[in-house]
Amino acid sequence: MSLLDYFKSSKKPQTAVTAKERLQIIVAHQRTERGMPDYFPQMKQEIIDVIRKYVTISEEQVSVQLDQNDDNLSVLELNVTLPEKN
């Protein structure tokens, strides 16, 4: 029985580690969106839709960030990974 317990116990910590990493990613993502304006998700989707009129891309290939500082200055950063020409 101790051999079976060995295999059984080794899988649970790996699952816990994976779950913890996923939760950390979700929390970090929500923290970045916390200070965003209400219109930001819709604006991001519209930017992706416009790019898709010209190039076939997935949402993972587009990164949109809004940085705001204390001087009432906002910077919209857009990074798009374009597919290679064939």
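Readers should treat all values here as calculations from the given coordinates under stated rules, not as data from a laboratory. Quick caveat: nothing in here was measured; it's all calculated off a predicted structure.
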Practice task
Please give the length that would be gained between residue 77 and residue 14 if that part of the chain were fully extended, namely 0.36 nm times their separation in residues minus their C-alpha to C-alpha distance (nm, one decimal).
Solution key: 19.1 nm
Completion exercise
Gyration tensor on Cα atoms of region 38-86, a ≥ b ≥ c root eigenvalues, a/c under 1.5 rounded, else prolate if a/b beats b/c, else oblate, says prolate
Handout entry: Net lengthening on full extension, residue 68/residue 23 (0.36 nm per residue, minus Cα-Cα)
Key = 13.6 nm
Completion exercise
The ³J(HN,Hα) series, computed from each phi in region 15-26 with the Karplus coefficients 6.51, -1.76 and 1.60 at θ = phi - 60°, rounded to the nearest Hz and given as x for glycine or proline, is 5, 5, 5, 4, 4, 5, 5, 5, 5, 4, 5, 5
Problem - For region 51-66, Karplus couplings with θ = phi - 60° (6.51, -1.76, 1.60), whole Hz, Gly/Pro x - result: 4, 5, 5, 10, 9, 7, 9, 9, 5, 5, 8, 10, 10, 10, 10, 10
